[in-house]
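The values are calculated or read from the model by the stated rules, or taken from the named source; none is laboratory data. What you see is a predicted model, and the numbers here were worked out from it, not measured in a lab. Neighbour counts run over all protein chains shown; Cβ positions are idealised from the backbone, glycine included.
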Amino acid sequence: MQDLTQSQWTEQLAQDDNAMILDVRTDLEVAEGMIPNAKQIDIQNAGGFMQEAQELDKSKNYYVYCRSGGRSAQACMILNSLGFSNTYNLMGGITEWEGEVITL
C-alpha cells in the first residue's frame, strides 16, 4: 500500500492504463457523490467486502478512497493480504477531493 496525496493520486491515475478506482464508502455516502468510474465496495459490510474483493483482478492497480482516508487505508491492507500488490490510498479521502464528482 502506498499513501498518495490528491495531486500524486490524480497524476499517477492519469498515467495508469491498468487502473481501477475503488470507493469503499457506504451507499448513503456514495449517494452524496463519487469519483467518476469508481466501483463501490462497502468496507463496513465485511462479508460482502471480502467476497467482492476476492473476485477482483489481482493484476490491476487499485486506487482506493473513502470519506477521509482511514477506511481506504484499511481496505488497501486487506487487499494486500489477499495478494493484491498495487494498492494506493487517497490521503484525506473524498472530503479533500478537488476533482470531478458525479452523483448516481
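Quick notes on this one:
- Matching option when the condition is closer than 14 Å to residue 104 by Cβ and either touching a His at 6+ places or on another chain (Cβ under 7 Å) or of a type in the set (Val, Ile, Thr) (or both), among 5, 26: 26
Matching residues to (1) closer than 18 Å to residue 97 by Cβ; (2) loosely packed, with under 12 Cβ neighbours inside 10 Å; (3) in contact with a Phe, Trp or Tyr (Cβ under 6 Å, 6 or more places away or on another chain):
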site	(1), (2), (3)
10	yes, no, no
14	yes, yes, no
17	no, yes, no
42	no, no, no
53	no, no, no
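Residue-wise test of (1) aromatic (Phe, Trp, Tyr); (2) under 19 Å from residue 6 (Cβ atoms); (3) touching a strand residue (DSSP E or B) at 6+ places or on another chain (Cβ under 9 Å); (4) at pLDDT 95 or above.
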{"site": "50", "(1), (2), (3), (4)": "no, no, no, yes"}
{"site": "63", "(1), (2), (3), (4)": "yes, yes, yes, yes"}
{"site": "76", "(1), (2), (3), (4)": "no, yes, yes, yes"}
{"site": "103", "(1), (2), (3), (4)": "no, no, yes, no"}
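- Count of the range 87-103 residues which are assigned to a loop (DSSP other than H, G, I, E, B) and over 13 Å from residue 9 (Cβ atoms): 3
- Being buried (at least 20 other Cβ atoms within 10 Å of the Cβ) and within 13 Å of residue 1 (Cβ to Cβ) holds for only one residue in 82, 22, and it is 22.
- Of the listed requirements (1) surrounded by fewer than 19 Cβ atoms within 10 Å (Cβ to Cβ); (2) in contact with a Ser or Thr (Cβ under 7 Å, 6 or more places away or on another chain), residue 70 misses just one: (2).
- Tabulated pairs, the range 19-38, first on the phi > 0 side of the Ramachandran plot and without any contact (Cβ under 8 Å) to a residue 40 or more places away in the chain, second outside any helix (DSSP H, G or I) and not basic (Lys, Arg), C-beta under 8 angstrom, 6+ apart or interchain: 37/21
- Selection count where residues are out of contact with any Cys (no Cβ under 6 Å at 6 or more places or on another chain) and surrounded by 17 or more Cβ atoms within 10 Å (Cβ to Cβ), scope the range 93-104: 2
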